[in-house]
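This report refers to the structure that appears directly beneath it.
The values are calculated or read from the model by the stated rules, or taken from the named source; none is laboratory data. Computed from a prediction, not measured in an experiment: that's the story for all the values here. Every residue, glycine as well, gets a Cβ built from its backbone with ideal geometry; the counts of neighbours run over all protein chains shown.
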Amino acid sequence: MPIDKLRGTPVDKILSFRRNPDPQQQQQQQTDEMEDIPRFLPPQLLTEEATAKDTSRRMPDSDSINSEDAVRLPPPRRSPVSMRNLQRELYSPNQCMNVLKAIVAVVTICVLFATIPLYRRLRIEKETRLRMILLWNEQLMTGGTAHMECGCLVTTRRNHNDKPFDAVVFNADQPYSFAGLDSIKHTPDYYVVYSAKKPLSFTQNPMPGLMLPPFNLTMTYRLDSQLVWTDYYFSHPNLARRLNSFRNPSQNFGDDLPGSINERLESEISKKTRLAVYLWFDVDQNTLSESLYLEELRKYADLDAHDSCLGPDDCSHYHFMLIFETSACPDYVPSQMLMAMDKLIVPVLIGGGNLTNLVPPHSYISGLDFSTPKDLIDHLIELTDNREEYRRYFWWHSIYKLRQAIQPYCALCSLIQKAPEERQIRQGSSKLAFINWWTEYQCPNRSTTFL
């Protein structure tokens, strides 16, 4: 209503207009409000009249729209609801995690490409400092031509990558020749190693004729070798140092046995059902007396023969293992004897030399302590019936441990990794020292018969 018309109108009448508006005026007001509704709202939010009006106003006839009008049409507007959903999606935890993963992947790739040259340089430097050991006449157990051992490369190839060798090892247990040794590329302070695990009385003479041997380092079973080399050795449980002296067994050794060792010992003893086993050996002039002694033993007991005790048939169900040793060389312990002790089998040594300070006392049975083969068999049968006396042969497990040298060239590798002035060995590294070492050692003459 115009203002000039309201000036002469009483107040109560004005209030009546507000309480009871004119129907026509109310409809006009609703129409004006509908025109103010945003056009981007969906049709469901509009009234039927507003929808029809807005549709008729905003949706012209398709025939009246030409291409120029279509080009002039404004782009569609995104509703505030859609904008909020988009922002919520962009800043969601999953989206942030995906962005973080992408950043980490990019950084990783950059670091990888940056470290490749550094890795190559370090590998070249490591190969340059790598110590080389050449096995002159021995094949590797791994089946290949080279392998790593305690930080050194052990190989059988005499021209491995054209690098100089720090040590050349001759295995005296096998035939060898010095031909070609002068052409080997080596370092100025390299070693020519004389190695042997078998008795030296059976090895090749290293000084044929008047030729001076090239050896300047010894690595054998002998305790006066510069490096002592055996398949097995005794040590303390917590210290892997080789022992050369042992104490006498205690009466109550069972109280000192660790729980795991005691359980294993009881389990292995309960599995033993056979008396004794021995490994096959060739009968010739050197082993004729052992063969005759074995025939006497077989008259009084049923003895089994095996090719080996490796693999599934590890001979653990036998109480004793008969070991026939034809050599009596000092410091030599038959490898079969140590293998039997490792398998919790009591070894019975027939022949051999003095094993004092080489193995723990009362850990094996010596055939020399019995006057006849029958007395030996009777003693073995008696021990199988007396379980407590049989267990006493394993007393040494309470304070000692038998270790196997899985990597035999570690000691040599540790020696050549040191500087020449820091290498401390027992005797002079010279060819004359090797001659003295070889000539002063004598193996006693073996007896011709055990009977």
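Looking only at residues in segment 338-354 that are outside any helix (DSSP H, G or I) and over 10 Å from Glu325 (Cβ atoms), which one is farthest from the chain's Cα centre (by Cα)?
Restricting to residues being outside any helix (DSSP H, G or I) and over 10 Å from Glu325 (Cβ atoms), the top hit is Asn354.
Show me the strands (runs of 3 or more DSSP E) found entirely inside segment 252-337 where at least 1 residues are more than 36 Å from the chain's Cα centre (by Cα), over 24 Å from Arg392 (Cβ atoms) and in the same structural domain as Leu368 (by TED's automatic domain parsing).
304-306, 318-325
How many residues are part of a loop (DSSP other than H, G, I, E, B) and more than 31 Å from the chain's Cα centre (by Cα) if we restrict to segment 182-221?
Count: 17.
With the structure loaded, tell me whether Arg446 is surrounded by 15 or more Cβ atoms within 10 Å (Cβ to Cβ) and either modelled with pLDDT of 85 or more or outside any loop (DSSP other than H, G, I, E, B) (or both) or whether it fails that test.
No, not satisfied.
May I ask you to list the residues in segment 231-251 that are within 16 Å of Tyr364 (Cα to Cα) and under 23 Å from the mean Cα position of the chain (by Cα)?
Selection gives Tyr232, Tyr233.
With the structure loaded, tell me whether Ala340 is outside the structural domain of Leu200 (by TED's automatic domain parsing), surrounded by 14 or more Cβ atoms within 10 Å (Cβ to Cβ) and either free of Cβ contacts under 8 Å to residues at least 60 places away in the same chain or touching a Leu at 6+ places or on another chain (Cβ under 6 Å) (or both) or whether it fails that test.
Spelling it out, Ala340 is indeed outside the structural domain of Leu200 (by TED's automatic domain parsing), surrounded by 14 or more Cβ atoms within 10 Å (Cβ to Cβ) and either free of Cβ contacts under 8 Å to residues at least 60 places away in the same chain or touching a Leu at 6+ places or on another chain (Cβ under 6 Å) (or both).
Would you mention how many residues in segment 346-366 are free of Cβ contacts under 8 Å to residues at least 60 places away in the same chain and β-branched (Val, Ile, Thr)?
Qualifying residue count for the region: 3.
Does Arg264 meet the test of being free of Cβ contacts under 8 Å to residues at least 60 places away in the same chain and among the basic types (Lys, Arg)?
no
In segment 222-251, which residue that is at pLDDT 90 or above and assigned to a strand (DSSP E or B) is nearest to Tyr190 (Cα to Cα)?
Leu227
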